[in-house]
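Taking it in order: structure first as structure tokens, then the write-up.
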Amino acid sequence: MLALAGQGIAEGSWLRAGRQTGGRGRMGRNWDSPAGNLHCSTLVRVRTDDPPAHSLALVAANAVHALVAPLCAGQARIKWPNDILVDGAKIAGILLERAGDAVVVGIGANVAGHPEGLDRPVTSLAAQGTAEADAGALLERLAEVFAHWLAVWRAQGIDPVRTHWLLNAHPPGTPMRIAQPDGTVIEGRFEALDLQGALILRLANGDARAIHAGDIHLI
């Protein structure tokens, strides 16, 4: 999708791969992409009066949560900035990439299966009891809810998107460890999102710190 961004592809277009051989997540990690799972991307053309482009991660998280939560036996929650967990196990991830005015939102969701032997728990819709889920039908629903939240983001700003995100995310007080891009690791408790979508971490000494990027582990 990113390669097509400069060729005039329209906002709202979606691409779905039946299988990926070079899928990746945040921090350069590989994303296992077997057949039967949902691997897709869409494109948003950022306008001058839009909210900050990075806050599209909240839009995407709201949409993916709305897609998978009703289909899971366990409780689905959003983990900042872009994962969906079910009872602590990852079921979906989101990756944003930008080229000029185009932001590509890549989404991967475990539908028919999930990888084994990882250093973190993972799950799938099949493991959650939704054995008949179809990736193509799920994409149609995802496109609908993403369009809804994109329209809210564009017309009303970040605040209602952020408010809904907080209702479905790890609750305030959740302990977490954050590996920051410069390699430093800090621990604290989740407090909130600020008005720009940054995570507010409450440190052990009582200080609050805004986190704009990082790799989070719930502890």
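The values are calculated or read from the model by the stated rules, or taken from the named source; none is laboratory data. Just so we're clear, the structure is a prediction, and the values are computed from it rather than from any experiment. Heads up, the Cβs are rebuilt from the backbone with ideal geometry, glycines too, and the neighbour counts pull from every protein chain shown. Please note that ligands, DNA and RNA were not included when accessible areas were found on the heavy atoms of the full protein model with its side chains. Shrake-Rupley method; radii C 1.70, N 1.55, O 1.52, S 1.80 Å.
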Self-check item: With every protein chain in place, the chain: carbon and sulfur % of accessible area (1.4 Å)
Solution: 51
Practice problem: Post the alpha-carbon centroid distance, the range 149-177 to the range 43-108, in whole angstrom. | Solution: 11
Quiz item: What dipole magnitude, in Debye to the nearest 20, does the range 29-129 give about its Cα centre under +1 on Lys/Arg Cβ and -1 on Asp/Glu Cβ?
Solution: 80
Quiz item: What size of dipole, in debye to the nearest 20, comes out for the chain about its Cα centre when the only charges are +1 on Lys and Arg C-beta atoms and -1 on Asp and Glu C-beta atoms?
Solution: 120
Quiz prompt | Highest average packing first - 91-100, 46-55, Cβ atoms within 10 Å | solution = 91-100, 46-55
Exercise. May I ask you to list, by number, the DSSP H helices of the chain whose Cα span along the axis is at least 15 Å and whose average Kyte-Doolittle hydropathy reaches 0.5 or more?
Key: 56-68, 135-156
Self-check item: Charge tally in the Cβ shell below 14 Å around Ala127, where Lys, Arg are +1 and Asp, Glu are -1, Ala127 excluded
Solution: -2
Practice problem: Give me the accessible area per residue for the chain, probe 1.4 Å, as a whole number in Å². | Solution: 47
Quiz item: Given 0.36 nm per residue, what is the gain on full extension from Ile186 to Asn205 after removing their alpha carbon distance, in nm?
Solution: 5.6 nm
Exercise. Quick one: net charge around Asp87, please, counting Lys, Arg +1 and Asp, Glu -1 for every other residue with C-beta under 15 Å from its C-beta.
Key: +3
Practice problem: Go ahead and estimate [θ] at 222 nm for the chain from helices alone: -39,500 (n - 2.57) per DSSP H run with n ≥ 4, summed, over the residue count, rounded to 500. | Solution: -6500 deg cm²/dmol
Quiz item: Points 7 angstrom from Cα along the Cβ direction at Asp215 and Leu15: gap in nanometres?
Solution: 2.6
Exercise. Let me have the relative contact order for the chain, percent, based on Cα pairs under 8 Å that are six or more residues apart.
Key: 18
Exercise. Considering Cα pairs under 8 angstrom that are at least six residues apart, work out the relative contact order of the range 82-145 and quote it in whole percent.
Key: 24
